[in-house]
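The values are calculated or read from the model by the stated rules, or taken from the named source; none is laboratory data. All values reported here derive from a predicted model rather than from experimental measurement. Counting neighbours? That spans all protein chains shown, and the Cβs are built from the backbone with ideal geometry, glycine included. Side chains are part of the model used for accessible areas, which takes the heavy atoms of the whole protein and leaves out ligands, DNA and RNA. Shrake-Rupley method; radii C 1.70, N 1.55, O 1.52, S 1.80 Å.
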Amino acid sequence: MIPEIELASKADINSFQIEKLKELLEYLNTNSPFYKRVFKQHKIDISTINSLEDLVRIPTTTKNDLQVYNDDFICVPKNKIIDYVTTSGTLGDPVIFGLTDNDLERLAYNEAISFACAGVNKDDIIQLMTTIDRRFMAGLAYFLGARKLGAGIIRVGNGVPEMQWDSILKFKPTYIIAVPSFLLKLIEYAEQNNIDPNKSGIKGAICIGEPLRNQDFSLNILSEKIKKKWNIELFSTYASTEMNTAFTECEEQQGGHHHPELIIMEILDDKDQPVVEGEAGELTITTLGLEGMPLLRFKTGDIVKAHFSKCNCGRNTTRLGPVIGRKKQMIKYKGTTLYPPALHNILNDFSSVETYIIEIFHNAIGTDEILIKIATAEPSEVLLQQIKDHFRAKLRVAPKIEFSDKNEILKLQFPKMSRKPIMVIDKRK
């Protein structure tokens, strides 16, 4: 199930996207109060936007815009919206997204071709280990995508290793969708209950929320720990509510594939200009084919690198490498630029670390500080020194680290109304 446009030449993909962009601009100019205002204020004649390169003449959209002018992004009458989802906002209150019937169909199509990218087909059964409720788009997308593809799906939800294994042993799924660190909890439960994960029939895991690979696509520490005990294929998928689109790895596992019929992507520098090919920048997206709340040049906040060579799977689409970090979570620590994923990777190397949370704040002179609170059953100065030495070896600097009560860390990770664990608390203003 590979869409023809993904096998087309780069020139044909470019031409296809230009036509889709023109359709979107006309749609926004007719139906979007927010973008009509942007075009008018900046004197943008949409008829002069005739290439993807011309996009730089249009201002970018930020999450703050979505928060402040949320209703002005809606392009349809309220009675056409049949599903509401929310995502976190920069000012505290969630940002609301309304989806029409056609938007849900598009969401299903996106996930179906994403599953197919990872090798899932109609003969497979998928166990869903993420929530489908609580106004969460991802779980709904996975369910609709499996249905569109014709695959079976078991909606177990997140957590509860005992229930997950009960379903795995009872229904024999062939793929699972989960946060990768949760796979370690499944392995731990299996070992404690005489279950052999490698005889479970699971072929692969489609992983969300945490990176699986280093920038050269080799397995990171977390993935190596999983693979050491459970020999399954690990596929990374990257998406967000704002994109309504996923970038999922194919069986070559060399980055998440771009779906040009669903989204236009730019990688921008700090001045909102395209980066030089091969450099990292902020992923900025323009959604195609959405009715309810399409976005134009929306800055995702994620720092990524794009890869443009043709993939061995046959697709000729751009691939996104692992997310380097959130732009707002960039840390300047003792002269070194860091992102939280690099810290996660090091902490995952210590099996004695049961859980942790990273706090970022400004010190008395206004520079960045890092405090990592760690829970372990075996606290000792030796372990503390080992962790700090490992940080220095890998990152050249060691943050402040202290032992903390596991329950206290879990309270910080799962605040009220949270739908997924919070591993980083940024206290900087």
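Would you mind listing the strands (runs of 3 or more DSSP E) fully within region 103-186 where at least 2 residues are at pLDDT 95 or above, aliphatic (A, V, I, L, M) and crowded, with 21+ Cβ neighbours inside 10 Å?
Numbers: elements: 125-128, 152-155, 175-178.
Once the strands (runs of 3 or more DSSP E) in region 103-186 are filtered for at least 2 residues that are at pLDDT 95 or above, aliphatic (A, V, I, L, M) and crowded, with 21+ Cβ neighbours inside 10 Å, what remains is 125-128, 175-178.
Here are Met265, Met243: which of them is over 30 Å from Ala398 (Cα atoms), of a type in the set (A, V, I, L, M, F, W, C) and open to solvent by less than 20 Å² (accessible area, probe 1.4 Å)?
Numbers: Met265 fails: open to solvent by less than 20 Å² (accessible area, probe 1.4 Å).
On inspection, the qualifying residue turns out to be Met243.
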Return a yes/no flag: does region 61-82 have any residue that is modelled with pLDDT of 95 or more, polar (S, T, N, Q) and either part of a helix (DSSP H, G or I) or exposed (fewer than 14 other Cβ atoms within 10 Å of the Cβ) (or both).
yes
Hey, any hits in region 229-239 for a residue that's more than 30 Å from Tyr35 (Cα to Cα), assigned to a helix (DSSP H, G or I), at pLDDT 95 or above and not aliphatic (A, V, I, L, M)?
yes
Residue check: is Val76 among the hydrophobic types (A, V, I, L, M, F, W, C), closer than 21 Å to Thr300 by Cα and more than 26 Å from the chain's Cα centre (by Cα)?
no
Applying the selection to region 214-228, what residues are on the phi < 0 side of the Ramachandran plot and open to solvent by 20 Å² or more (accessible area, probe 1.4 Å)?
Asn214, Gln215, Asp216, Ser218, Leu219, Ile221, Glu224, Lys225, Lys227, Lys228
Long-range neighbours under 6 Å by Cβ, at least six apart or interchain, first residue free of Cβ contacts under 8 Å to residues at least 12 places away in the same chain and in a strand (DSSP E or B) within region 307-333, second of a type in the set (Gly, Ala, Ser) and crowded, with 18+ Cβ neighbours inside 10 Å:
none
Considering each residue of region 292-333, count those that are farther than 22 Å from Gln254 by Cα and among the aliphatic types (A, V, I, L, M), and give that number.
5
Condition first: touching a residue at least 60 places away in the same chain (Cβ under 8 Å) and of a type in the set (A, V, I, L, M, F, W, C). Can you find one or more residues in region 268-279 that meet it?
yes
Which condition from (1) at pLDDT 95 or above; (2) assigned to a loop (DSSP other than H, G, I, E, B); (3) over 20 Å from Glu210 (Cβ atoms); (4) open to solvent by 20 Å² or more (accessible area, probe 1.4 Å) is the one that Lys299 breaks?
(2)
